[in-house]
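The values are calculated or read from the model by the stated rules, or taken from the named source; none is laboratory data. Being a predicted model, the structure only gives us computed values, none of them experimental. Methodologically, a virtual Cβ is constructed for each residue, glycine included, from the backbone with ideal geometry; neighbour enumeration extends over all protein chains shown. Only protein heavy atoms, including side chains, enter the accessible area calculation; ligands, DNA and RNA are left aside. Shrake-Rupley method; radii C 1.70, N 1.55, O 1.52, S 1.80 Å.
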Amino acid sequence: MQANLNIKAKNQQTYDAIVVGTGISGGWAAKELTEKGLKTLVLERGRDIKHVEDYPTMLKNPWDFEYADKVTNEDRKNYPVQLRTGYTIRESTKHWWVNDLENPYTEEKRFDWIRGYHVGGRSLLWGRQSYRLSPMDFEANAKDGIAVDWPVRYEDIAPWYDYVESFAGISGKAEGLPQLPDGKFLPPMEMNCLEEHVKQKIGENYSDRIMTIGRVANLTQQHNGRGTCQSRNLCMRGCPYGAYFSSNAATLPAAEKTGNMTLRPHSIVQSVIYDEAKGKAIGVRILDGETLEEMEFYAKIIFLNASTLGSTFILMNSISNRFPNGLGNQSGELGHNLMDHHFKAGANGSFDGFQDRYYKGRRPNGIYIPRFRNINEKRTDFIRGYGYQGGASRESWWRSIQEMNVGAEMKETLTIPGAWNMGLMGFGECLPYHENKVTINRDLKDKYGLPTLTFNCEFKENELNMRKDMTASAAEMLEAAGLKNVTTYDDIGGPGLGIHEMGTARMGHDPKTSVLNKWNQVHEAPNVYVTDGSFMTSSGCQNPSLSYMAFTARACDHAVKELKKGNFA
């Protein structure tokens, strides 16, 4: 009788596919698999967040906050790592970020792990800059003799970039650059007058570089039932118009519409269940975040989209006789080759002109200067390259307070815009070093009693040399455009601060040197796909989220075709 009950329970918890995580890649996996007809269980370790109704501060005014939207002493105690960004924790946004005391980890070398655990993950919180990797990015490792070769090329991914851009809605301007392929763009946002001036001067003074408006996942016109960006620049609070791309506003509603999705929040996936007799993965084991009950769910296909470090943790923690060092870790590369973009290096300056010019709104986007180093002329001090993000603005009325003005003097300055300023900040490529790694720590537990992670990761000589050029070139371009009082800065912080962590379960041709194949399948468990940032074989210097979307859609298409062939029976 007991056996029959177990069989019945197992049948009730069996699906065609399981998706772990609801961030940018997990949302896409949910959409693609359900739209292709698969009954799909979507597991999220955090709480549920429903679009619009669960954005508590989206319409609040500055005076509606008890602490003027500032950080409190209690916040400093609970969010010591999240506060390293300088912007994540505010009264208006702190509900999105993890409590660091409840979610500890170990830093053998500094690593800034910035996290949000809820339905939608960091798709609610990202900067929305959306750039394609280029042909040279996919070829770079092979040409430089670094790490391993990508098992794919740009031509393999280009149709999938088209596909995801067409659904997500990316505004931008085509520029015809080989190092930054153009995409399917909505109309671009407008630069302000100083940005247009600097763009013109860069074009006049340099033959190897241009400035363009950022390519951003904010809608400049209605698209797929979502509203247009209102230039409030309150994106991190959650957008009631659905005007920026997020899982909550776009992919998860599409998945729900099919009737094929079962979304289960508070489901902390501990491991993938591997059946040694069948020689394949058959499901996942979870801990219910509310009841602390352990449960198992079963499926023919499993997609790991728990974020780079979340998915790598799950694989490491999936121990069996077949995989004593973690599922799919026959190569020994699982957890290694951890990368993040290095940034916070550049220059700022002021401009005396355009005193009669201003701009409207708070555009949630900046400018972009694509990579120009090591394309035609090769440098000897570093390989690969970097791009710049930034923008121009006028000082606000806050300067009156900062300058200690009072009374009539302050009233007068409130009506006069401040000086024009512009900044350029570099985002540079980090090489995939084997020794930059994350390991599982079974001695330090989180609030659920689960193992944690230990980080040993650093930027090295190539990145440090690149930063010198990032600051010098930024200052040079601003000065060439006529800006004054140009100053440089370099505040490297730790890896992780760019919130573009990737690698640790890289793709490759050879199972002996990589974790995943060219379709994002675990080499030794091909019904397990990993399509978040952990698959990245090199980082490029472009913001990576668009690539996660494209690779996820491609992998879902492959998985369903394999399932129909009976390869996952």
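Could you state the angle between the C-alpha long axis of helix 461-480 and the longest principal axis of the C-alpha atoms of the chain, as a value from 0 to 90 degrees rounded to the nearest 10? The angle comes out at about 30 degrees.
For a modelled paramagnetic label at ARG47, 7 Å from Cα along Cα-to-Cβ, no residue of region 237-260 is in reach, as no backbone nitrogen comes under 12 Å. Shape class of region 258-320 from the Cα gyration tensor (axes a ≥ b ≥ c, square roots of the eigenvalues): rounded, since a/c falls below 1.5.
Calculate, in whole percent, how much of the Cα-Cα pair population of region 163-223 lies beyond 12 Å. Here the tail beyond 12 Å accounts for 69 percent of pairs.
Among rounded, prolate and oblate, which fits region 198-318 when a ≥ b ≥ c are the square roots of the eigenvalues of its C-alpha gyration tensor, a/c under 1.5 means rounded, and a/b larger than b/c means prolate? In terms of gyration-tensor shape, prolate. Within the shell of other residues whose beta carbon sits under 14 angstrom from the beta carbon of LYS50, the net charge comes to -4, with Lys and Arg scored +1 and Asp and Glu -1.
When the C-alpha to C-alpha distance is required to be over 19 Å, the pairs from LYS173/LYS484; LYS378/LYS468; LYS184/LYS344; LYS184/LYS561; LYS201/LYS344; LYS512/LYS565 that qualify are LYS173/LYS484; LYS184/LYS344; LYS184/LYS561; LYS201/LYS344; LYS512/LYS565. Taking label positions 7 Å along the Cα-Cβ direction at both GLN355 and SER396, the computed distance is 2.4 nm, reported to one decimal.
Dipole check for region 432-569: with +1 at the C-beta of Lys and Arg, -1 at the C-beta of Asp and Glu, and the Cα centre as origin, the magnitude is about 640 Debye. Paramagnetic label reach from ASP381 (point 7 Å along Cα→Cβ; backbone nitrogen cut-off under 12 Å): within region 429-469, residues 462-469. Between LEU464 and MET295, the C-beta separation translates, for a Förster distance of 30 Å, into a calculated FRET efficiency of about 0.05.
FRET efficiency for the ARG110 to ASP144 pair, using the beta carbon distance and R₀ = 30 Å, is estimated at 0.65. Computed from Cα atoms, the angle from the helix 193-205 axis to the main principal axis of the chain rounds to 90 degrees. Rolling a 1.4 Å probe over the protein heavy atoms of region 25-95, with every protein chain left in place, gives an accessible area that is 49 percent carbon and sulfur.
Ordering GLY225, THR454, THR380 by the projection of their Cα atoms onto the charge dipole of the chain, which places +1 on the Cβ of Lys and Arg and -1 on the Cβ of Asp and Glu, puts GLY225 at the extreme positive end.
Principal axis analysis of the Cα atoms in region 431-569 yields extents of 67, 39, 30 Å, listed in decreasing size. The magnitude of the dipole of the chain, with charges of +1 and -1 set on the Cβ of Lys/Arg and Asp/Glu and taken from the Cα centre, is near 1020 debye. Taking 7 Å steps out from each Cα toward its Cβ at ALA569 and ASN325 produces label points 3.5 nm apart. Placing +1 on each Lys and Arg Cβ and -1 on each Asp and Glu Cβ, with no other charges, gives region 507-569 a dipole about its Cα centre of roughly 200 debye. Of the beta bridges in the chain, as assigned by DSSP with both residues counted there, near 70 percent are antiparallel. Using the empirical formula 2.2 N^0.38 Å as the baseline, the Cα radius of gyration of the chain reaches a ratio of 0.98.
Each residue was assigned an accessible area with a 1.4 Å probe, and for CYS239 the value is about 20 Å². You can think of it this way: the chain between ARG362 and LYS173 has 66.1 nm of extra reach, that is 0.36 nm per residue less the Cα-Cα gap. Note that region 95-248 carries a Kirkwood radius of 18.4 Å, evaluated over its alpha carbons pair by pair.
For ASP557 and ALA277, the FRET efficiency from 1/(1 + (r/R0)^6), where r spans their Cβ atoms and R0 equals 22 Å, is about 0.15.
In terms of packing, defined here as the mean over residues of other Cβ atoms within 10 angstrom, the peptides 358-364, 376-382, 499-505, 89-95 line up highest first as 499-505, 89-95, 358-364, 376-382. Look at the dipole of region 71-207 built from charges on Cβ: of SER130, ASN99, TYR206, the Cα furthest out on the positive end belongs to ASN99.
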